[in-house]
1. I'd like to check something: does segment 107-126 contain any residue that is part of a helix (DSSP H, G or I), without any contact (Cβ under 8 Å) to a residue 24 or more places away in the chain, out of contact with any helix residue (DSSP H, G or I) (no Cβ under 9 Å at 6 or more places or on another chain) and under 21 Å from residue 12 (Cα atoms)?
2. Give me a count of the residues in segment 165-207 that are under 25 Å from residue 43 (Cβ atoms), more than 17 Å from the chain's Cα centre (by Cα) and surrounded by 13 or more Cβ atoms within 10 Å (Cβ to Cβ).
3. Among the residues of segment 1-10, which ones are buried (at least 18 other Cβ atoms within 10 Å of the Cβ) and within 20 Å of residue 106 (Cα to Cα)?
4. Test each condition in (1) surrounded by fewer than 17 Cβ atoms within 10 Å (Cβ to Cβ); (2) at pLDDT 95 or above for residue 158 and report the one that comes out false.
5. Within segment 184-191, is there a residue that is farther than 28 Å from residue 71 by Cβ and either part of a helix (DSSP H, G or I) or touching a residue at least 60 places away in the same chain (Cβ under 8 Å) (or both)?
């Protein structure tokens, strides 16, 4: 399976290649100049998915590695285990949790700004997206029936569930919604990336 970081940026810490972008598993900051920062590309879908994670059953944390463009993930349970358990206990965890242990240790040990916490999109912002979509439908001359239905569910309890149910009854509008939502999420990702301040690195969305 090809390395996704290499696909985005041409190389990565594990596969530095011959362009000297990475040295000793770290981005070669010396490649940056006063006029030109090092450009690292990130996948907008990965960041958007982290922003939208509303799984209340599992408390989780997402960080963007600005040296590779990768999204790093770990749960509260694993961070607590790293903080309170001995190496023997941690080494007995299954392989998929070992990856999280490694991630926690890397992020906690980093004293630079390499790992940037990815903010969650709150429910009020997601709700505004639905309202804006209804406005979009009104302006585009869509049939009044789905517009009325969507407007009605937004004023009731459990609006997100009701909104989804109405869309499933109208496949064409449902596709329009996902296209609309995708644009809004890309805008949110771009705003997040623009807010990252670093003298040597600029993170952009992979087009």
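The values are calculated or read from the model by the stated rules, or taken from the named source; none is laboratory data. Everything numeric in this text was worked out from a predicted model, so none of it was measured. Counting neighbours? That spans all protein chains shown, and the Cβs are built from the backbone with ideal geometry, glycine included.
1. Yes; the residues of segment 107-126 include at least one that is part of a helix (DSSP H, G or I), without any contact (Cβ under 8 Å) to a residue 24 or more places away in the chain, out of contact with any helix residue (DSSP H, G or I) (no Cβ under 9 Å at 6 or more places or on another chain) and under 21 Å from residue 12 (Cα atoms).
2. Total satisfying the criteria: 7.
3. Within segment 1-10, just 5 meets the criteria.
4. (2)
5. No, segment 184-191 contains no residue that is farther than 28 Å from residue 71 by Cβ and either part of a helix (DSSP H, G or I) or touching a residue at least 60 places away in the same chain (Cβ under 8 Å) (or both).
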